[in-house]
Amino acid sequence: MEKVVIQPLIAVLVSSVIAIRAYRRKSLNISGAVFGFIVMTVHFAVNYRFGAILLLFFLSSSKFTKFGEEKKKSIDAEFKEGGQRNWIQVVYNSGIATALAVAVWKLAGWEDRCLNTKQSAKITALIGGIIGHYSCCNGDTWSSELGVLSDAHPRLITTLKPVRRGTNGGVTVAGLVAAAAAGSLIGFAFVFIGFFTTKCAHDVALKQTLVVPLAALAGLIGSLIDSLLGATLQFSGFCTIRNKVVGKPGPTVKKISGLNILDNNAVNLVSVMLTSLLTSIACVYIF
């Protein structure tokens, strides 16, 4: 009963501090801060580990978004100081995981569980989806924010031909490495915190370490899916007036690649859905 009262209170406190800090530092606008507070509160209230990996994703991604801002400003046609994500981006980057977290709470309550299909295949699948979700989100953000700063010219994932920096679907070795590293960080945080919050058999507890390479793979695969969708279903063109790569066709825009079907938010959503599903299935087979 004490946990039922204290954990939600801690969730509200932590989420309030993070949302206010993010708004003041321009990582989120006012709508993003409000929705960020809501989804983070739900994560922490349900499970400290879920809240921790969401927080790690947000803090690390925000840090790298601000890294090299001057160079990004000269490349990105939709550059915003500090990144300034709105409520739509918050929902697209955490909505599915929030729903999965609530589903876990419905099945397990406030008890933190190890990944173990013998104990519960449903809970293992749901938790696997959350791990895949944030590995994908973190991997995509790190890959995009650090890859664009690479000295190497990106290559379009579908043709491997060199393209301008900022082209949707353009990949670099540095970006792919960053995606895998970002996923592994999510996996490591999940495993490390779990040693203190779960009570599992010794062999089951040791097996949890496989989450780290699995999350690294999820980060990489999520980034590749995002790039593939970006190269095919998301428009990229070069504006001769602004001298930048843009995401919408126009009279002064020369097409580089892709169809004008999905925008960046939709690409992120589909990538997250597919990566979450694949990671969920992998967890059921592995654990």
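On the given criteria, is Arg165 open to solvent by 20 Å² or more (accessible area, probe 1.4 Å), touching a strand residue (DSSP E or B) at 6+ places or on another chain (Cβ under 8 Å) and touching a residue at least 24 places away in the same chain (Cβ under 8 Å)?
On the way: open to solvent by 20 Å² or more (accessible area, probe 1.4 Å): yes; touching a strand residue (DSSP E or B) at 6+ places or on another chain (Cβ under 8 Å): yes; touching a residue at least 24 places away in the same chain (Cβ under 8 Å): yes.
It is true that Arg165 is open to solvent by 20 Å² or more (accessible area, probe 1.4 Å), touching a strand residue (DSSP E or B) at 6+ places or on another chain (Cβ under 8 Å) and touching a residue at least 24 places away in the same chain (Cβ under 8 Å).
For Gly230, all conditions in the list (1) in a helix (DSSP H, G or I); (2) touching a Pro at 6+ places or on another chain (Cβ under 9 Å); (3) modelled with pLDDT under 95; (4) not hydrophobic (A, V, I, L, M, F, W, C) hold save one; what is the number of the exception?
Against the list (1) in a helix (DSSP H, G or I); (2) touching a Pro at 6+ places or on another chain (Cβ under 9 Å); (3) modelled with pLDDT under 95; (4) not hydrophobic (A, V, I, L, M, F, W, C), Gly230 comes up short only on (2).
Check whether at least one residue in the range 253-262 is assigned to a strand (DSSP E or B), open to solvent by 20 Å² or more (accessible area, probe 1.4 Å) and of a type in the set (A, V, I, L, M, F, W, C), and report yes or no.
So far as the range 253-262 goes, yes, one or more of its residues are assigned to a strand (DSSP E or B), open to solvent by 20 Å² or more (accessible area, probe 1.4 Å) and of a type in the set (A, V, I, L, M, F, W, C).
Give Gly194, Gly247 a once-over and let me know the one that is under 18 Å from Leu156 (Cα atoms), buried (at least 16 other Cβ atoms within 10 Å of the Cβ) and either among the aliphatic types (A, V, I, L, M) or modelled with pLDDT under 95 (or both).
Checking each option against the conditions leaves just Gly247.
When residues of the range 182-205 are filtered for being part of a helix (DSSP H, G or I), small (Gly, Ala, Ser) and more than 25 Å from Cys137 (Cα to Cα), how many remain?
Summing the residues that are part of a helix (DSSP H, G or I), small (Gly, Ala, Ser) and more than 25 Å from Cys137 (Cα to Cα) in the range 182-205 gives 1.
In the list Asp203, Asp226, which residue meets the criterion of being among the acidic types (Asp, Glu), out of contact with any Cys (no Cβ under 9 Å at 6 or more places or on another chain) and farther than 17 Å from Ser184 by Cα?
Asp203
Quick one: would you say Gly170 is closer than 24 Å to Tyr134 by Cα, surrounded by 14 or more Cβ atoms within 10 Å (Cβ to Cβ) and touching a His at 6+ places or on another chain (Cβ under 9 Å)?
yes
Being open to solvent by 50 Å² or more (accessible area, probe 1.4 Å) and part of a helix (DSSP H, G or I): is that true of Leu224 here?
Answer is yes for this residue.
I'm checking my understanding of the structure. Among residues of the range 129-156 that are open to solvent by less than 40 Å² (accessible area, probe 1.4 Å) and of a type in the set (A, V, I, L, M, F, W, C), which one is nearest to Val104 (Cα to Cα)?
Ile130
To keep it simple, each residue is scored yes or no on (1) on the phi > 0 side of the Ramachandran plot; (2) modelled with pLDDT of 90 or more; (3) touching a helix residue (DSSP H, G or I) at 6+ places or on another chain (Cβ under 7 Å); (4) charged (D, E, K, R).
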{"site": "Glu2", "(1), (2), (3), (4)": "no, no, no, yes"}
{"site": "Val12", "(1), (2), (3), (4)": "no, yes, yes, no"}
{"site": "Leu28", "(1), (2), (3), (4)": "no, no, yes, no"}
{"site": "Val39", "(1), (2), (3), (4)": "no, yes, yes, no"}
{"site": "Leu54", "(1), (2), (3), (4)": "no, yes, yes, no"}
{"site": "Ser61", "(1), (2), (3), (4)": "no, no, yes, no"}
{"site": "Gly83", "(1), (2), (3), (4)": "yes, no, yes, no"}
{"site": "Lys106", "(1), (2), (3), (4)": "no, yes, no, yes"}
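Output the number of residues of the range 114-135 satisfying the condition of being in contact (Cβ under 8 Å) with a residue 60 or more places away in the chain, assigned to a helix (DSSP H, G or I) and within 23 Å of the chain's Cα centre (by Cα).
Selection size over the range 114-135: 12.
Being assigned to a helix (DSSP H, G or I) and in contact with a Lys or Arg (Cβ under 7 Å, 6 or more places away or on another chain) is the filter here; which residues of the range 95-113 pass it?
Answer for the range 95-113, where residues must be assigned to a helix (DSSP H, G or I) and in contact with a Lys or Arg (Cβ under 7 Å, 6 or more places away or on another chain): just Leu107.
Out of the range 15-28, which residues are surrounded by fewer than 19 Cβ atoms within 10 Å (Cβ to Cβ) and either touching a Pro at 6+ places or on another chain (Cβ under 9 Å) or in contact (Cβ under 8 Å) with a residue 40 or more places away in the chain (or both)?
Arg25, Lys26 - these are the residues of the range 15-28 that are surrounded by fewer than 19 Cβ atoms within 10 Å (Cβ to Cβ) and either touching a Pro at 6+ places or on another chain (Cβ under 9 Å) or in contact (Cβ under 8 Å) with a residue 40 or more places away in the chain (or both).
How many residues does the range 40-64 contain that are under 13 Å from Ala97 (Cβ atoms), open to solvent by 20 Å² or more (accessible area, probe 1.4 Å) and of a type in the set (Val, Ile, Thr)?
The qualifying residues number 1.
Please go through the range 143-161 and give me each residue that is out of contact with any Phe, Trp or Tyr (no Cβ under 9 Å at 6 or more places or on another chain) and either aromatic (Phe, Trp, Tyr) or at pLDDT below 80 (or both), ordered by number.
Gly147, Val148, Ser150, Asp151, Ala152
Give me the residue from the range 227-244 that is of a type in the set (A, V, I, L, M, F, W, C) and over 28 Å from Gly183 (Cβ atoms) and, out of that set, most open to solvent (accessible area, probe 1.4 Å).
Top of the filtered list is Ile241.
The values are calculated or read from the model by the stated rules, or taken from the named source; none is laboratory data. From a predicted model like this one, the values you see are computed outputs, not experimental measurements. All Cβ positions, even for glycine, are placed from backbone atoms using ideal geometry, and neighbour counts span all protein chains on display. Quick note on the areas: whole protein, heavy atoms, side chains included, nothing else; ligands and nucleic acids left out. Shrake-Rupley method; radii C 1.70, N 1.55, O 1.52, S 1.80 Å.
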